[in-house]
């Protein structure tokens, strides 16, 4: 009896190797993948401006030159239309400097990275009437200041074509991987969510036209392969850890050769040893276990010095 459709993602000709740095941008699914890469021994930077779901808001990180134009004040907080709510300040001048620093850190991360993973979450966005573009976050400002829109495929494609030009100016050799988040934006409605995801999938299809861009099917792996609510958390929207692990292991098979995958397996195994909770931490056996673990890690890192521990 066959209980699952056969699906094997295309294998990327460009490989992630031990010692590579990886930058990730986009929805909360980007942060989940960042954590997986980090556990596996890679240098990772994720979402410098916080979690951003909409392609145009993401592209604006590269397209809006003057970040000062994005700063607004709510009560005693200074926030930015270009950033999530986790990015804030209590003084406008220092906050402006923080935004400039974040922009420079993002550019530096891309310059030093071999791969850039970009995860689109939704095509629904909130366009601020004065800022005149889709914002990264509404920051609890009155709804009358925004127009809720379903961005067209052409608008999102054009924004990212321009963003890619900026990215390749920073690092001509970087491999850009587009993916669509499997997280359901159910608050927009299920029909609306599917319309949104369909547009995102088509945008990524249009953007992956050269060997410098790639599409990784995160959405399809969860929605079409796992295909069961048991792979979603209690909110029925966010994938479980098991689903996240499944997608990440598919990432490894697409972007890593067998030697690199073996190194990542050993890294994760060693990390499990360090996180092991000792029942009797003061005992001789526990001390021996900790010393043995430290020796194993030291020996491993001596053999693989490029692993980011």
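The values are calculated or read from the model by the stated rules, or taken from the named source; none is laboratory data. Everything quoted here is computed from the prediction, not taken from an experiment. Please note: Cβ atoms are built from the backbone with ideal geometry, for glycine as well, and neighbour counts cover all protein chains shown.
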Here the residues within segment 295-309 that are part of a helix (DSSP H, G or I) and surrounded by fewer than 12 Cβ atoms within 10 Å (Cβ to Cβ) are 295, 298, 299, 302, 303
Selection count where residues are free of Cβ contacts under 8 Å to residues at least 24 places away in the same chain and surrounded by 13 or more Cβ atoms within 10 Å (Cβ to Cβ), scope segment 155-178: 1
Of all residues in segment 99-125, how many are crowded, with 18+ Cβ neighbours inside 10 Å and either in contact with a helix residue (DSSP H, G or I) (Cβ under 8 Å, 6 or more places away or on another chain) or assigned to a helix (DSSP H, G or I) (or both)? 18
Scanning segment 203-219 for residues that are in contact (Cβ under 8 Å) with a residue 60 or more places away in the chain and assigned to a loop (DSSP other than H, G, I, E, B), the one nearest to residue 255 (Cα to Cα) turns out to be 216
Suppose we keep only residues that are assigned to a loop (DSSP other than H, G, I, E, B) and touching a residue at least 60 places away in the same chain (Cβ under 8 Å) within segment 231-258. Which one would you say is surrounded by the fewest Cβ atoms within 10 Å (Cβ to Cβ)? 257
Unmet requirement for residue 274, which otherwise passes all of (1) modelled with pLDDT under 95; (2) surrounded by 14 or more Cβ atoms within 10 Å (Cβ to Cβ): (2)
Filter pass, residue 265 being within 24 Å of the chain's Cα centre (by Cα), touching a residue at least 12 places away in the same chain (Cβ under 8 Å) and over 28 Å from residue 193 (Cβ atoms): no
Can you find a residue in segment 284-294 that is part of a helix (DSSP H, G or I), touching a residue at least 40 places away in the same chain (Cβ under 8 Å) and either on the phi < 0 side of the Ramachandran plot or in the same structural domain as residue 38 (by TED's automatic domain parsing) (or both)? no
Going through segment 126-145 one residue at a time, which ones are over 11 Å from residue 81 (Cα atoms) and not in a loop (DSSP other than H, G, I, E, B)? 143, 144, 145
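Only one of 181, 196, 152, 143 is exposed (fewer than 13 other Cβ atoms within 10 Å of the Cβ) and touching a helix residue (DSSP H, G or I) at 6+ places or on another chain (Cβ under 8 Å); which?
Every option except 152 fails the conditions.
A quick yes/no check of all residues on (1) free of Cβ contacts under 8 Å to residues at least 12 places away in the same chain; (2) in a loop (DSSP other than H, G, I, E, B); (3) crowded, with 20+ Cβ neighbours inside 10 Å:
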| site | (1), (2), (3) |
| --- | --- |
| 13 | no, yes, no |
| 19 | no, yes, no |
| 25 | no, no, yes |
| 30 | no, no, yes |
| 38 | no, no, no |
| 51 | no, yes, yes |
| 68 | no, no, no |
| 87 | no, yes, yes |
Only one of 226, 221 that is assigned by TED's automatic domain parsing to the domain that holds residue 187, buried (at least 17 other Cβ atoms within 10 Å of the Cβ) and at pLDDT 95 or above: 221
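Pick out the one residue from 71, 52, 16 that is modelled with pLDDT of 95 or more, outside the structural domain of residue 244 (by TED's automatic domain parsing) and touching a helix residue (DSSP H, G or I) at 6+ places or on another chain (Cβ under 9 Å).
Going through 71, 52, 16 in turn, the sole match is 16.
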